[in-house]
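Undergrad: Just dropping this structure here.
No value in this document is a laboratory result; all are computed from the given coordinates. Keep in mind it's a predicted model, so treat the numbers as computed, not measured. Here Cβ is always computed from backbone atoms with ideal geometry, including for glycine, and neighbour counts include all displayed protein chains.
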Amino acid sequence: MNIIVTGGAGFIGSNFIYYMLKKHPADRIICYDKLTYAGNMETLEKALTKENFKFIRGDIADRKAVYRMFEMEKPDVVVNFAAESHVDRSIENPEVFLQTNVIGTSVLLDACRKYGIDRYHQVSTDEVYGDLPLDRPDLFFTENTNLHTSSPYSASKAGADLLVMAYHRTYNIPITISRCSNNYGPFHFPEKLIPLMIINALSDKKLPVYGDGRNVRDWLFVGDHCAAIDLILRKGRVGEIYNIGGHNERSNLDVVRTILQELGKSEDLIEFVTDRKGHDRRYAIDPSKVRNELGWEPATAFEDGIKETVQWYLNNRDWWMGIISGDYQTYYERMYDNRSALEFSKI
Ligand SMILES: Cc1cn([C@H]2C[C@H](O)[C@@H](COP(=O)(O)OP(=O)(O)O[C@H]3O[C@H](CO)[C@@H](O)[C@H](O)[C@H]3O)O2)c(=O)[nH]c1=O
């Protein structure tokens, strides 16, 4: 199979490329990535040594470039990871989220319509369902939960999902969609909770926890997400949505404390800061469909995955040092200098 992986220089996309190169060496992988601030060629260094891997720099919203790529590469499958993904950035500047996540998706779908495709897979998010209350641990997102978005990011991803479903119904494009919970693991960009906390703790900087730190996320090791997408591509039913999550709900504060413990650092580094606007309280996925239909199970327990992740950041300082010494530093200062410390004496 010729598989185009868009956004393959980012966190989940690059992990997926490595997963596929190992698991299906007979397939050809073409990574199409714009190399925004969150994409990184160092991440793909090992993939670039493989004969069945090719990198093309380009924007999914650039129609001419996308059509040219389809003409050259003749893909059988497209897996769309390309997205602006950071909620805080979408609150600052929604426009680029609409451009990449909505317009970019529509261009890819148009290319599939024009040139034909065996499968278009949209990598989506549990954030399209909005949030669940903390006092109802019995509630979970299923594939039938209504879309109810909170941030410009999640609204743009929900818009893209609706387009994908519409292209399936109107033009009969063979699509699948996956909606996954929070991922963690190697190559996670250090603006996100887990890598940010690891990196700050390593340099004894404050760890900024938004609000009261009780918001809950359902954490999944990135390799388990990749395995689920691979299964959906091979065995999933066309036109279907699959939720992916490992029933691993943790409050942000718990996650941060676990990281501090792993690194042998003091909890005094934690600083509660101004909350994220529209901050979703709890995400929790019901993964029954992907389990029952496709036999998927997460293979990595959080306790092991977080150890492995912390170790990865300790072993790969050059990778993240390169990132935090560039433009990222300006973002970090803007983001965190504007948040004031909160007093939570009883937390
Ligand atoms: C960066 C940062 C985050 N947080 C909080 C906000 C959230 O409750 C939690 C996780 O934040 P983030 O790492 O930004 O991830 P979150 O907003 O949940 O979204 C992630 O997970 C989603 C899937 O649920 C993906 O669709 C998004 O692309 C991905 O960014 O930690 C802090 O308390 N302090 C921080 O400095």
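Undergrad: Would you work out if segment 50-127 is rounded, prolate or oblate? Take a ≥ b ≥ c from the square roots of the eigenvalues of the alpha-carbon gyration tensor; rounded if a/c is under 1.5, else prolate when a/b is larger than b/c, oblate otherwise.
TA: Values: a/c = 1.89, a/b = 1.78, b/c = 1.06.
It comes out prolate by the Cα gyration axes.
Undergrad: Return the sequence-ordered ³J(HN,Hα) values of segment 285-295 in whole Hz as given by the Karplus equation 6.51 cos²θ - 1.76 cosθ + 1.60 applied to θ = phi - 60°, using x for Gly and Pro.
TA: Per residue, the Karplus-derived 3J(HN,Hα) values read 9, 9, x, 4, 5, 5, 5, 6, 7, 10, x Hz.
Undergrad: What distance in nm separates the simple spin-label points at L134 and H247, each placed 7 Å from Cα in the Cβ direction?
TA: Going from the L134 label point to the H247 one covers 2.4 nm.
Undergrad: Further question: Please say if segment 250-322 is rounded, prolate or oblate, where rounded means a/c under 1.5 for a ≥ b ≥ c the square roots of the C-alpha gyration tensor eigenvalues, and otherwise the choice is prolate for a/b larger than b/c and oblate otherwise? Don't skip to the end; give the middle numbers.
TA: Numbers: a/c = 2.14, a/b = 1.32, b/c = 1.62.
Judged from the Cα gyration tensor, segment 250-322 comes out oblate (a/c at least 1.5, b/c at or above a/b).
Undergrad: If you don't mind, there's one more thing I want to ask. Just want to confirm a number: the relative contact order over segment 107-207, from Cα pairs under 8 angstrom separated by 6+ residues, in percent. Don't jump to the answer; show the numbers that get you there.
TA: Details: 89 pairs, mean separation 34.0, N = 101.
Result for segment 107-207 is 34 percent.
Undergrad: Using 7 Å Cα-to-Cβ label points, what is the E308/I56 separation (nm, one decimal)?
TA: Taking the two extended label points, one gets 3.2 nm.
Undergrad: Something else now. If you project the alpha carbons of segment 192-347 onto the principal axes, what extent comes out on each, in Å, largest first?
TA: Cα extents, longest axis first: 48, 36, 29 Å.
Undergrad: When DSSP assigns beta bridges and you keep just the ones with both residues in segment 191-347, what percent turn out antiparallel, to the nearest 5?
TA: On the way: 4 of 9 bridges.
So the antiparallel bridges amount to about 45 percent of the total.
Undergrad: Within the chain, which whole H helices from DSSP have a Cα span along their axis of at least 24 Å and a mean Kyte-Doolittle hydropathy of -1.0 or more, if any?
TA: Values: long enough: 152-171 (28 Å, -0.12).
Passing helices, by number: 152-171.
Undergrad: So for each of 129-141, 188-200 I average, over its residues, the number of other beta carbons within 10 Å; can you give me the resulting order with the highest mean first? It would help to have the intermediate numbers written out before the result.
TA: Values: 129-141: 15.6, 188-200: 21.8.
Result, highest mean first: 188-200, 129-141.
Undergrad: Turning to a different aspect of this structure: List the aspartates and glutamates whose Cα lies under 13 Å from the Cα of K265, skipping any in the same chain that are fewer than 8 positions away.
TA: Result set, ordered by chain and number: D204.
Undergrad: One quarter of the convex hull surface, Cα atoms only: what value does that give for segment 1-64 in nm²? Can you show the working numbers first?
TA: Details: hull surface 16.9 nm².
The Cα convex hull of segment 1-64, projected and averaged over all directions, gives 4.2 nm².
Undergrad: Moving on. In whole Hz, what ³J(HN,Hα) sequence does segment 270-280 give by Karplus (6.51, -1.76, 1.60; θ = phi - 60°), x for Gly and Pro?
TA: 5, 10, 7, 10, 2, 6, 5, 5, x, 4, 5
Undergrad: Between N52 and residues 5 or more places away or on another chain, which pairs have amide H atoms under 5 Å apart, with H built 1.01 Å from N, and which residues are they?
TA: It is none; the list stays empty.
Undergrad: Starting from the 7 Å offset along Cα-to-Cβ, what nm value, one decimal, do you get for the label separation of E45 and R276?
TA: 3.0
Undergrad: If a/c stays under 1.5 just call it rounded; otherwise compare a/b with b/c (prolate if a/b is bigger, oblate if not). Do that for segment 1-120, with a ≥ b ≥ c from the square roots of the Cα gyration tensor eigenvalues. Please report the intermediate quantities before stating the final value.
TA: Details: a/c = 2.05, a/b = 1.22, b/c = 1.69.
In terms of gyration-tensor shape, oblate.
Undergrad: Would you mind putting 7-13, 177-183, 149-155, 115-121 in packing order, based on average other-beta-carbon counts within 10 Å, highest first? Walk me through the numbers on the way to the answer.
TA: On the way: 7-13: 26.1, 177-183: 23.6, 149-155: 21.7, 115-121: 19.0.
Ranking, from highest mean packing down: 7-13, 177-183, 149-155, 115-121.
Undergrad: Would you mind checking which residues have amide H under 5 Å from L220's amide H? H placed 1.01 Å from N; only 5 or more apart, or other chain.
TA: It is N182, N183, Y184, by chain and number.
Undergrad: In percent, how large is the relative contact order of segment 192-261, given Cα pairs closer than 8 Å and 6 or more residues apart? Intermediate results must be reported in sequence, preceding the final value.
TA: Details: 48 pairs, mean separation 34.9, N = 70.
Once normalised by length, the contact order is 50 percent.
Undergrad: In addition: Take each of the peptides 238-251, 37-50, average the number of other beta-carbon atoms within 10 Å over its residues, and list them starting from the highest.
TA: Numbers: 238-251: 20.1, 37-50: 15.9.
The most tightly packed comes first, giving 238-251, 37-50.
Undergrad: At R0 = 41 Å, how high is the FRET efficiency between E267 and E143 if r is their beta carbon distance? Nearest 0.05 is fine.
TA: Working: r = 39 Å, r/R0 = 0.94.
Efficiency, from the Cβ-Cβ distance: 0.60.
Undergrad: Right, here's the next one. Calculated from DSSP H runs of 4 or more alone, at -39500 (n - 2.57) each and per residue, what is the 222 nm mean residue ellipticity of the chain, nearest 500?
TA: Details: 12 runs with 137 residues, N = 347.
Counting only the DSSP helices, I get -12000 deg cm²/dmol.
Undergrad: So, one more: Please report, in whole Å, how far the alpha carbons of segment 121-239 spread along each principal axis, starting with the longest.
TA: Answer, in whole Å and largest first: 54, 31, 27 Å.
Undergrad: What is the antiparallel percent of DSSP beta bridges lying wholly in the chain, to the nearest 5? Display every interim value, and only then the final one.
TA: Numbers: 5 of 41 bridges.
The answer is about 10 percent antiparallel.
Undergrad: Output the Kirkwood hydrodynamic radius of the chain, Cα pairs only, in Å rounded to one decimal. Let's see the in-between values first.
TA: Working: mean 1/r = 0.0487 Å⁻¹.
Averaging 1/r across every pair of different Cα atoms and inverting gives 20.5 Å.
Undergrad: For G239, list long-range residues whose amide hydrogen, built 1.01 Å from N in the peptide plane, is under 5 Å from its own amide hydrogen.
TA: Amide H neighbours of G239, under 5 Å, 5+ apart: I175, T176.
Undergrad: Determine ³J(HN,Hα), in whole Hz, for all residues of segment 128-142 in sequence, where each value follows from phi through the Karplus function 6.51 cos²θ - 1.76 cosθ + 1.60 and θ = phi - 60°; x replaces Gly and Pro.
TA: Coupling constants for segment 128-142: 5, 8, x, 10, 10, x, 5, 8, 10, x, 7, 9, 9, 6, 10 Hz.
Undergrad: Ok, one more. A 29 angstrom limit on the alpha carbon distance is what I want to check against. Which of K22/K235; K54/K114; K23/K307; K54/K206 exceed it?
TA: On the way: K22/K235 19 Å; K54/K114 23 Å; K23/K307 24 Å; K54/K206 40 Å.
Beyond 29 Å between Cα atoms: K54/K206.
Undergrad: Straight distance only, please: which aspartates and glutamates reach the Cα of K64 with their own Cα at less than 17 Å, same-chain residues fewer than 8 apart left out?
TA: The reachable aspartates and glutamates, counting only those whose Cα sits under 17 Å from K64, are D33, E73, D110.
Undergrad: Can you tell me, using C-alpha contacts under 8 Å and at least 6 residues apart, the relative contact order of the chain as a whole percent? Let's see the in-between values first.
TA: Numbers: 638 pairs, mean separation 60.6, N = 347.
This gives 17 percent for the chain.
Undergrad: Averaged over all directions, how much area does the convex hull of the C-alpha atoms of segment 141-191 cover when projected, in nm²? Working shown, then result.
TA: Working: hull surface 20.4 nm².
Its Cα hull, projected and averaged over all orientations, spans 5.1 nm².
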